[in-house]
Amino acid sequence: MNTPPQDKSIPKKRIVVIGGGTGTFVALIGLKEKPYDLSAVISMSDSGGSNKRIRDEFGLLPTSDLRQCLVALSNENGGAGLMRKLFMYRFDKGNGISGMTFGNLFMAALTDILGSQKEAIKKTGDVLRIKGSVIPVTFTDTNLVAEYEDGTTLYEEHDIDEPTHSGSLKITNLRLEPVALANPDAVDAIMHADLVILGPGDLYTSVLPNVIVTGIQDALKQTPASVVYVMNLMTKFGQTYDYTANDHLAAIDRYIPGKVRYVIVNTGTLPKEAIDLYATEGEHPVVDDLVDCPDRKIVR
């Protein structure tokens, strides 16, 4: 079905998606086909894989989540489909560049040329002719720190995402070291949004790392926008092991209590092959134990 033409006299609804990783990538691909004014506020604490090399060898903030979102919002017409493939291309050979993506290297080079990572992100958006904007949640060089119920503390997102300790341990506190200050553009986008979408994505390494940035938490509490949380389909070993839907929501409520007005929960049947594959990693479908209340609607 074709989308009806947008009445140019009616301002586009401003939607802000907050997160990072594959979940945000998928959400943006779907939303960009609608007549919305889109912004993506993206976490900046990733420390694994090529991001570690970008941070350690180039002295830059991580770019992988930014790159994915820029690609998600890119224009498919006029040859941009090839540009999408190029920016997602990962080298599998070559001393020094094996494992790196072209997009990450492109943004690193552009930062060196322009002298500003902020400008490099904007120019990359121009090259890909993106629909909307991609906004780093912070420009502070920071690391994610998680404290667990047994007293264990991990100091990098990569270690939290791929734990070597028991993945059944619950995270009791999340913070950033050093304290990260919000990008003013991210605060502005949230404050002027009509709708803010949290997730889908790993709760403790994609969604909440944005919320705990100094200035973002207050912006989310104060924004007049409706806040929607897209519930993950599966639990995450090492982060949300054995979490129900209510457990996910309770974790968010610790930072922005009562602010989530809508929760989107899947009711479809998941393929057995997918369930079996996730089960090998200690991950299972999220149990829906949510109930409607006057201040919060569950969308199933």
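The values are calculated or read from the model by the stated rules, or taken from the named source; none is laboratory data. Predicted, not measured: the structure shown is a model, and the values here were computed from it. Because the Cβ atoms are built from the backbone with ideal geometry, glycine has one as well, and the counts that use them run over all protein chains shown. Side chains are part of the model used for accessible areas, which takes the heavy atoms of the whole protein and leaves out ligands, DNA and RNA. Shrake-Rupley method; radii C 1.70, N 1.55, O 1.52, S 1.80 Å.
Things worth noting here:
- When the residues of segment 11-38 are filtered to those that are small (G, A, S) and buried (at least 24 other Cβ atoms within 10 Å of the Cβ), the one that is farthest from G199 (Cα to Cα) is G20.
- D161 within 15 Å of the chain's Cα centre (by Cα) and at pLDDT below 95: yes
- Only residues that are under 30 Å from P35 (Cβ atoms), open to solvent by 10 Å² or more (accessible area, probe 1.4 Å) and among the hydrophobic types (A, V, I, L, M, F, W, C) were counted in segment 128-159, giving 3.
- Residue within segment 244-264 that is open to solvent by 10 Å² or more (accessible area, probe 1.4 Å), at pLDDT 95 or above, touching a Gly at 6+ places or on another chain (Cβ under 8 Å) and not in a helix (DSSP H, G or I) present: no
- Some residue of segment 201-223 being out of contact with any Lys or Arg (no Cβ under 9 Å at 6 or more places or on another chain), crowded, with 22+ Cβ neighbours inside 10 Å and without any contact (Cβ under 8 Å) to a residue 40 or more places away in the chain: yes
Residues checked against (1) at pLDDT below 95; (2) over 23 Å from N173 (Cα atoms); (3) not polar (S, T, N, Q):
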site	(1), (2), (3)
T214	no, no, no
L220	no, no, yes
D276	no, yes, yes
V286	no, no, yes
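- Condition check for T140: polar (S, T, N, Q) and over 18 Å from the mean Cα position of the chain (by Cα): no
- Members of segment 246-277 that are in contact (Cβ under 8 Å) with a residue 24 or more places away in the chain and more than 24 Å from V213 (Cα to Cα): I264, V265, N266, T267, L270
- Selection count, segment 113-139, where residues are in contact (Cβ under 8 Å) with a residue 24 or more places away in the chain and not polar (S, T, N, Q): 13
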